[in-house]
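Input: a single structure, listed below in structure tokens.
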Amino acid sequence: MNVHQLLSISPVVPVVTIRDALKAVPVARALEEGGVQVIEVTLRTESSLECIERIARELPSMTVLAGTVCHASQVRESLAAGAAGIVSPGLTEAIAAAVDTAGVAWLPGVATASDIMRGLALGADCFKLFPASIAGGPEALRAFAGPFPGVRFCPTGGIDRASVGRYLELGNVACVGGSWVATEKMIDASDWGAIRANAEFVATLRAAG
Ligand code: 3PG
């Protein structure tokens, strides 16, 4: 799957941080039951790779992305665990080389025009605007549409249920990322109903880009 295909799965990519690997499949199942078939598992806990592995193995219809990938070695580890794509908060030549070698889709993070130009030079044309609400929000994305007409974004960081619509209406936004769909609090409380309800809301949304 290429990055364009990954970003077209759902108008919102739920970004999840899971401490207990036994909760990985229930979280992903709640999302899928609500109508969302993609999940970004951040590599921020000791069980992250095991979470990716469990979801990829037990819910093959769910597309699992590895998030918070900051080092080239994590690209290989994520792929070995079953990740279908790589998401990074920024971009480095080392990760670009690793994803290129592996032939896997990569969504690198950018916050400025120079970041986008570096990313384009590395062969990317879809970027995670991060942290979106601080890096200029919808106004920055509107401004980037001028010099970078072919670029698509997945803004992430500081976006919630109330603000998601202001991003999805933009022509250069393929989808939005956010932890509000399945928060750490919901996951810790095993509140699958709340996660399913948020996924059902997400499934009603449409991205303009
Ligand atoms: C990420 O890694 O993409 C962010 O932590 C998600 O940002 P949010 O928690 O503000 O949605």
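Amide H contacts of V12 (H built 1.01 Å from N, in plane; Pro and chain starts excluded): V176 sit under 5 Å, all sequence-distant by 5 or more or on other chains. Computed extension gain for Q5 through E58, at 0.36 nm per residue and net of the alpha carbon distance, reaches 16.9 nm. Proximity of backbone amide H atoms, modeled 1.01 Å from N, is registered between G109 and S88, G90, L91, K128 at under 5 Å, excluding neighbours fewer than 5 places apart on the same chain. Surface composition of the stretch 3-202: carbon and sulfur make up 53 percent of the accessible area, probe 1.4 Å.
Looking at the stretch 44-103, which GluC sites (Glu not before Pro) are in a loop (DSSP not H, G, I, E or B) and have at most 14 other Cβ atoms within 10 Å?
Here the sparse-neighbourhood loop sites are E46.
Dipole magnitude for the chain: about 280 debye, using +1 per Lys or Arg Cβ and -1 per Asp or Glu Cβ, origin at the Cα centre. Averaged per residue, the stretch 64-202 has 40 square angstrom of accessible surface, using a 1.4 angstrom probe with ligands and nucleic acids left out. With contacts taken as Cα pairs under 8 Å at a separation of at least 6 residues, the stretch 3-202 carries a relative contact order of 24 percent.
The values are calculated or read from the model by the stated rules, or taken from the named source; none is laboratory data. Just so we're clear, the structure is a prediction, and the values are computed from it rather than from any experiment. We place every Cβ from the backbone using ideal geometry, glycine too, and count neighbours over all the protein chains shown. Remember, those area values only see protein heavy atoms, side chains included, never the ligands or the DNA or RNA. Shrake-Rupley method; radii C 1.70, N 1.55, O 1.52, S 1.80 Å.
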